[in-house]
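First the structure, in the form of structure tokens, and then the observations on it.
The values are calculated or read from the model by the stated rules, or taken from the named source; none is laboratory data. All values derive from a computational prediction rather than experimental measurement. Here Cβ is always computed from backbone atoms with ideal geometry, including for glycine, and neighbour counts include all displayed protein chains. SASA here: full protein model, heavy atoms, side chains in, ligands and nucleic acids out. Shrake-Rupley method; radii C 1.70, N 1.55, O 1.52, S 1.80 Å.
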Amino acid sequence: MWALLWKDIRLELRTKERMASLFVLALLIVLVFVFALSPERLRSPDVSAALLWVALVFAGMLSLQRAFLVEQERGCFSGVLLCPFDAGTVFLAKFAGNVLFLTLVQVLVTPLTLVFLEVQLSWSLLVLPLVVLLGIIGFSAMGTLFAAMAVRTRAREVLLPVLLLPLLTPLLIAAVKVTSAVLAGAAWPGVWLRVLLAFDVLFVITGWLIFSQVVQE
Amino acid sequence: MNNWVIEAERLSKTFAWMPVLSGVSCRIGRGEIVGIFGHNGAGKTTLLRLFATLLRPSAGTLKLFHHDPRDAQVRRRVGFLGHDSFLYPDLTPVENLTFYGRAYGLPQLAARIDAALERVGLQGWGHIPVRAFSRGMEQRLGLARALFHDPDLLLLDEPDTGLDPQGTALLRVILAQARSQGKTVVFTTHDPAFGLAVCTRVLILHGGVIVWQASGNLPSVETFGDIYARSTQSASRMEH
């Protein structure tokens, strides 16, 4: 697994394509909403939370596609499948790479978003990184599974969001609810946090178990 | 126990209802160098990809080293070079081989990488991204990658493609070394002069079926040309 992850990090350090495009896209989405919505609406925690997650989801789609497109060139994914890893390990490495790159982008984008939205600083914001990380883990687990399927089809750019977005609905609702509560400084909605955690556990394990079926010819 | 490295029984492969291989049976033993000839679309690449475990057969059984080919320990003993080099173009040869070396858990990587690059005549090119390489250089590096973990079974799909005369000579040396070390090599080629010079057994594949094979005293290039034309024509007549 570390060999695969090392290779993905090395590729990114060499090209810097993935991080740069994710950061620019996420920031542009936030800016479009900042200009499009009135300041009063932007101050609503629900709107702010939704905006944060819309930016993350679209940047995440790009990240997922990029993760598997580099494997398509020169048939590299076949080379990976020839190696004596089991497919579950390949899934875990790709998943870990997506979590890493999306987290790094969010480390930059989330504070900027909070500044643009004029969110009041409070102690409750300290848990925001944890909520974002839980959302990224669930998104990456399911996304890695579907990106591996979609990348070998001709309509991959269309197919991935069409397959993935409806299935991400529970995760996104939970993530927005928890983020909104954190931004409002309200009590944690425990049920939505549990949904977020359950989604993460469920799809990391599912992806690990069924990835061999997904990557078959 | 016998020394079969590949045991294929009635292997068939169908893509989108189109049969590409139809009941191929063959056994390939330790130390054999097998050359597979055939027209484009005869099923050569599909057969090699099945042997490499990159495809699953639609019907029939395949064993490598007497085991299920999907076993990770079996895959560790197989080296494959296909039409694609399986090399990351944005990484350098050293980085690509480091990745594959780590994936196979190889020790003393730096020394192995130097030796591998020297073996294929790419010493001095180790730190240049593969994207800058010519087709022939990438093919040499692909060969180094396939050989890097010292596989017992080497599967090469048209390995002479893109190689200059020096590269082809190098390939002959590598195949001769593999033979002397008791490795098994299965390769496809369209060049009878190259193929007949290095192999110990020849198969002709046509329409997804083995239509002719020989081992031991192999025919000359001219005689093989006649045999190839006759066997593929008669197989075509039978199909119609």
Nearest 10, in degrees from 0 to 90: the angle of helix A:190-214 to the longest Cα principal axis of chain A is 10
Between the alpha carbon centres of the range A:129-143 and the range B:126-140 the gap in Å comes to 38
Of all stretches in chain A that avoid trypsin sites (Lys or Arg not before Pro) placed in a DSSP loop and having at most 11 other Cβ atoms within 10 Å, the longest is A:17-153
Quick calc: nm separation of the 7 Å Cα→Cβ label points for B:Q166 and B:N2 -> 4.4
Accessible-area loss of at least 30 Å² (1.4 Å probe, chain alone to full protein assembly) applies in the range A:73-112 to A:E73, A:R74, A:C76, A:S78, A:G79, A:L82, A:C83, A:P84, A:F85
For B:L81, the residues 5 or more places away or on another chain with a placed amide H closer than 5 Å to its own amide H are B:L155, B:L156, B:D157
In terms of the charge dipole of the protein assembly as shown, which places +1 on Lys and Arg and -1 on Asp and Glu at the beta carbon, the residue among B:S12, A:A59, B:L141 farthest towards the positive end is B:S12
Pairs over 19 Å Cα to Cα, from A:K7/B:K183; A:K7/A:K94; A:K16/A:K94; B:K13/B:K183; A:K94/B:K13, come to A:K7/B:K183; B:K13/B:K183; A:K94/B:K13
Regression test value, accessible area per residue of the protein assembly as shown, probe 1.4 Å, units Å², expected 44
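Taking a probe of 1.4 Å and counting only protein heavy atoms, give the total accessible area buried between chains B and A in Å², rounded to the nearest 100.
2600
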Rounded to one decimal in nm, the spacing of the 7 Å Cα→Cβ label points at B:T61 and A:D46 is 6.4
Of the accessible area of the protein assembly as shown, computed with a 1.4 Å probe and all protein chains kept, carbon and sulfur make up a percent value of 62
In debye to the nearest 20, the charge dipole size for the protein assembly as shown, taken about the Cα centre with +1 at each Lys and Arg Cβ and -1 at each Asp and Glu Cβ, equals 400
Computed over the range A:2-216, the relative contact order (Cα-Cα under 8 Å, seq sep at least six) in percent reads 29
If every Lys and Arg gets +1 and every Asp and Glu gets -1 at its Cβ, then about the Cα centre the range A:2-216 yields a dipole, in debye to the nearest 20, of 300
Diffusion coefficient in µm²/s returned for the protein assembly as shown by Stokes-Einstein, Kirkwood Rh over C-alpha pairs, 4 °C and 1.567 mPa s, is 53
Karplus-derived 3J(HN,Hα) from phi for the range A:13-27 (6.51 cos²θ - 1.76 cosθ + 1.60, θ = phi - 60°), whole Hz, x at Gly and Pro, runs 5, 6, 9, 6, 6, 5, 4, 5, 5, 5, 5, 5, 5, 4, 5
Here the percent of antiparallel bridges among DSSP beta bridges lying wholly in the protein assembly as shown, to the nearest 5, is 55
With every protein chain in place, the residues of the range B:73-121 shedding 40 Å² or more of accessible area versus the chain by itself (probe 1.4 Å) are B:R75, B:F86, B:Y88, B:P89, B:D90, B:L91, B:E95, B:F99, B:R102, B:A103, B:Y104
Rounded to one decimal in nm, the spacing of the 7 Å Cα→Cβ label points at B:A229 and B:L109 is 5.3
Bridge orientation stat for chain B from DSSP, antiparallel percent rounded to 5, came to 55
